[in-house]
Amino acid sequence: MPLSTYGLIKGSAIGHLRDADDDHYQLLLRGAAGAMHRIAVNVRSSAANAPSTVLFRSTPTLPPAFTAQLQAQSDGAHKLPRKAGGLAIDYLRSGFVRTGLMRPLAPDLPGANNDLKDQLEAAVLKAIALPGAKVYAFGAMWGPEKTRADTYFRFTPGSGIHDIHMNQGNTGRFAADNGCWQDGALILEYPGNKWRAFFFAFQSQSFKTDGKGNPIGG
């Protein structure tokens, strides 16, 4: 089944956890009416049949028509139709995600500015520091979990979004998640109409898929 809760959460970055767990970088957003949301960004793959290092691409350039739609969205969680023409992202069909330029990047290495967590942390700290900056997270949403506090930031009700990576071209136990127009991404907007977009994929995924998001040719 494709992702049933595919959507977008928009808000202001107010906190982050670089080393909360081995596989994710955690980001705290304030959305509509002060509601909190956790953004869980994969920095490592758990797939058994491929290297754990994530494929990564960052760009400051997005289509103006797409960014205008982002800016028009209100803060908070929005379920998105999984189809062309709206805000749904498809790495292979949207036309602005250059998968051929994605490269493996280790999650954490000694030194500065040389790993995936460094890239995310620099962009997020900038968003926290600049008034008016916004974060847009695409993926599979969860919550609100009215009787459960968030695992990492402890706010209630728990709410957030994960699967912030390509969600097609999977095999094995993740093949059930395949679908078109449901890919994840992390996009940051800074004052002055400046942007930074992050796209993620796993080395176990294929960049050739059919109309249902299933891999073509292995």
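In table form, for the structure just shown:
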{"item": "Residue pairs meeting the criteria (Cβ under 6 Å; at least 6 apart or on separate chains; first without any contact (Cβ under 8 Å) to a residue 40 or more places away in the chain, in region 1-28; second outside any strand (DSSP E or B) and aromatic (Phe, Trp, Tyr))", "result": "none"}
{"item": "Residue match in region 147-156 (condition: in contact with a Leu (Cβ under 6 Å, 6 or more places away or on another chain) and of a type outside the set (Phe, Trp, Tyr))", "result": "no"}
{"item": "ARG57 being in contact with a Pro (Cβ under 6 Å, 6 or more places away or on another chain), of a type in the set (Lys, Arg) and touching a residue at least 24 places away in the same chain (Cβ under 8 Å)", "result": "no"}
{"item": "Residues that are farther than 16 Å from PRO64 by Cβ and touching a helix residue (DSSP H, G or I) at 6+ places or on another chain (Cβ under 8 Å), drawn from region 87-100", "result": "TYR91, LEU92"}
{"item": "Identity of the residue in region 187-205, modelled with pLDDT of 95 or more and among the small types (Gly, Ala, Ser), that ends up nearest to VAL135 (Cα to Cα)", "result": "ALA197"}
{"item": "Some residue of region 114-121 being within 16 Å of LEU17 (Cα to Cα), loosely packed, with under 14 Cβ neighbours inside 10 Å, in contact (Cβ under 8 Å) with a residue 40 or more places away in the chain and of a type in the set (A, V, I, L, M, F, W, C)", "result": "no"}
{"item": "Residue list for region 25-36, restricted to those being in contact with a Phe, Trp or Tyr (Cβ under 9 Å, 6 or more places away or on another chain) and under 15 Å from LEU186 (Cα atoms)", "result": "GLN26, LEU28"}
{"item": "Test for ALA149: is it over 15 Å from PRO2 (Cα atoms) and either touching a Phe, Trp or Tyr at 6+ places or on another chain (Cβ under 8 Å) or surrounded by fewer than 19 Cβ atoms within 10 Å (Cβ to Cβ) (or both)", "result": "yes"}
{"item": "Count of region 48-80 residues which are assigned to a loop (DSSP other than H, G, I, E, B), exposed (fewer than 13 other Cβ atoms within 10 Å of the Cβ) and at pLDDT 95 or above", "result": "4"}
{"item": "Residues within region 1-47 that are in a strand (DSSP E or B), crowded, with 20+ Cβ neighbours inside 10 Å and among the hydrophobic types (A, V, I, L, M, F, W, C), tallied", "result": "10"}
{"item": "Residue that is surrounded by the fewest Cβ atoms within 10 Å (Cβ to Cβ) [pool: residues in region 160-218 that are under 21 Å from SER45 (Cβ atoms), touching a residue at least 40 places away in the same chain (Cβ under 8 Å) and of a type in the set (Ser, Thr, Tyr)]", "result": "THR171"}
{"item": "Residue match in region 123-143 (condition: at pLDDT below 95, within 20 Å of the chain's Cα centre (by Cα) and within 25 Å of ALA32 (Cβ to Cβ))", "result": "yes"}
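The values are calculated or read from the model by the stated rules, or taken from the named source; none is laboratory data. Not measured: the values here are computed from a predicted model. Heads up, the Cβs are rebuilt from the backbone with ideal geometry, glycines too, and the neighbour counts pull from every protein chain shown.
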